[in-house]
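The values are calculated or read from the model by the stated rules, or taken from the named source; none is laboratory data. Remember, it's a predicted structure, so these values are computed and weren't measured experimentally. All Cβ positions, glycine included, derive from the backbone under ideal geometry; neighbour counts span all protein chains shown.
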Amino acid sequence: MKAGAKKQSDAPAVTGRIIASFGRRYLVELPDATILDCVTRGKRSDLACGDCVTVSSSSPGAGVIETTVPRTTLLYRSDAYRQKLIAANVTQVIVVAATAPEIHEDLVNRCLAAAEHGGMSTLIVLNKCDLPQSAAALAGTALYTQLGYRLLTLSAKEDITPLIPHLERHVSVLVGQSGVGKSTIVNRLLPEAAARVAELSAALGSGRHTTTHAQLYHLDADSHIIDSPGMQEFGLHHLTADELAHSFVEFRPLLGECRFRNCRHLQEPGCAITAACDAGRINSRRLASYRKLAVEITHHPGWK
Ligand SMILES: Nc1nc2c(ncn2[C@@H]2O[C@H](COP(=O)(O)OP(=O)(O)O)[C@@H](O)[C@H]2O)c(=O)[nH]1
Ligand SMILES: [Mg+2]
Ligand SMILES: [Zn+2]
């Protein structure tokens with residue numbers, strides 16, 4: 001040991017995965033399925049559910065997170081002041097909407113943009129299709145299938161099986177506003193695991209009924225699913241204006257065709273995106289959603 005180095009615990013560090021995060025407290029699952037209640041050293045809080053970490057054990061059942069294995073992906077949202085990590089190492093973002101509560105289209109657009117920016121694949125699930133208002137909701141989502149997004153209609157309560165093939169060999173994260181049925185989906189897929197983890201979390205976390213943290217579950221050796229807390233806000237302050245425009249997939253073929261190179265597609269003359277919208281080739285609700293975001297991310301003091 002180098003002079004001055006802190007003495008670490010005697011047990012060698014092992015690699016595990018964060019399966020739940022509660023503020024600065026994490027549940028880390030080891031390869032033998034043991035679950036450790038872990039903290040980080042110092043004030044570090046840049047870890048997310050799905051992160052692979054090395055831990056040294058501090059006492060039976062507890063550990064300290066020492067290092068993080070580099071991530072393949074990170075899904076997060078951010079406002080002008082801070083970032084909120086949602087999940088790490090996911091390959092697929094499942095945006096869950098429902099026939100009720102009414103689809104929050106801006107939120108769907110933001111989740112999709114974050115997934116596009118982070119290089120994850122996407123699936124939109126329209127849940128609660130057993131309810132009478134499902135025809136209207138389905139009409140509202142036609143926009144997304146026209147853009148090329150995959151859309152699955154579901155009634156998690158009645159039959160979860162249509163979702164299963166979409167989960168194979170993915171680490172999926174369920175995102176969307178609260179009340180759309182994310183936790184129900186997990187419960188229907190994995191009733192026993194969900195109950196067991198809920199118990200563990202109640203003991204360690206806040207003990208509240210609603211999901212106040214993200215939680216990872218195993219479907220099989222290669223397929224995992226993360227339930228996330230419901231969100232109303234989804235800021236994308238970590239994107240530049242250019243990255244934002246690229247994360248709206250239908251804008252991509254037109255980017256570079258505006259009169260001004262640094263066009264933000266707001267009110268600039270000669271904007272190819274505005275022209276495409278006027279011609280009916282870009283949906284005006286999507287453009288409005290993009291503009292709201294563009295104004296948001298560029299109108300604060302820290303903008304780069
Ligand atoms: N009718 C109907 N209700 C559902 C369905 N899935 C979930 N729910 C209900 O919607 C409410 C919110 O579900 P929950 O899973 O907690 O949503 P979350 O906040 O997204 O996790 C609960 O009362 C569920 O029973 C469904 O497929 N059909
Ligand atoms: Mg929930
Ligand atoms: Zn433009």
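At-a-glance table
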{"read-out": "For residue 279: the one exception among (1) touching a residue at least 24 places away in the same chain (Cβ under 8 Å); (2) of a type in the set (A, V, I, L, M); (3) loosely packed, with under 14 Cβ neighbours inside 10 Å", "value": "(1)"}
{"read-out": "Which listed residue, of 138, 167, 154, is on the phi < 0 side of the Ramachandran plot and within 16 Å of ligand 2 (Cβ to nearest atom)", "value": "154"}
{"read-out": "Residue, modelled with the lowest pLDDT, within the stretch 1-33, restricted to residues that are within 12 Å of residue 47 (Cβ to Cβ) and assigned to a loop (DSSP other than H, G, I, E, B)", "value": "23"}
{"read-out": "Candidate set: the stretch 253-304, residues that are hydroxyl-bearing (Ser, Thr, Tyr) and under 27 Å from the mean Cα position of the chain (by Cα); chosen: the one farthest from residue 238 (Cα to Cα)", "value": "284"}
{"read-out": "Qualifying residue in the stretch 151-162 (condition: in a helix (DSSP H, G or I), at pLDDT below 95 and in contact with a strand residue (DSSP E or B) (Cβ under 9 Å, 6 or more places away or on another chain))", "value": "no"}
{"read-out": "From 256, 280, residue being in a loop (DSSP other than H, G, I, E, B) and farther than 19 Å from residue 146 by Cβ", "value": "256"}
{"read-out": "Selection count where residues are modelled with pLDDT under 80 and hydroxyl-bearing (Ser, Thr, Tyr), scope the stretch 195-237", "value": "5"}
{"read-out": "Residue, surrounded by the fewest Cβ atoms within 10 Å (Cβ to Cβ), within the stretch 46-66, restricted to residues that are out of contact with any Phe, Trp or Tyr (no Cβ under 9 Å at 6 or more places or on another chain) and outside any strand (DSSP E or B)", "value": "60"}
{"read-out": "Scan of the stretch 265-304 for residues that are modelled with pLDDT under 95 and among the charged types (D, E, K, R), ordered by number", "value": "296, 304"}
{"read-out": "Residue satisfying condition, being among the β-branched types (Val, Ile, Thr) and closer than 14 Å to residue 171 by Cα, within set 68, 72", "value": "72"}
{"read-out": "Output for the stretch 255-304, where each listed residue is over 18 Å from residue 80 (Cβ atoms) and among the acidic types (Asp, Glu)", "value": "257, 268, 278"}
{"read-out": "Which listed residue, of 192, 102, 116, is at pLDDT below 95, outside any strand (DSSP E or B) and within 28 Å of residue 239 (Cβ to Cβ)", "value": "102"}
{"read-out": "Residue within the stretch 82-97 that is within 16 Å of ligand 2 (Cβ to nearest atom) and surrounded by fewer than 22 Cβ atoms within 10 Å (Cβ to Cβ) present", "value": "no"}
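Let's see how each residue does on (1) more than 8 Å from ligand 3 (Cβ to nearest atom); (2) surrounded by fewer than 19 Cβ atoms within 10 Å (Cβ to Cβ); (3) not assigned by TED's automatic domain parsing to the domain that holds residue 80:
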position	(1), (2), (3)
234	yes, no, yes
246	yes, yes, yes
249	yes, yes, yes
253	yes, yes, yes
256	yes, yes, yes
267	yes, yes, yes
270	no, yes, yes
273	no, no, yes
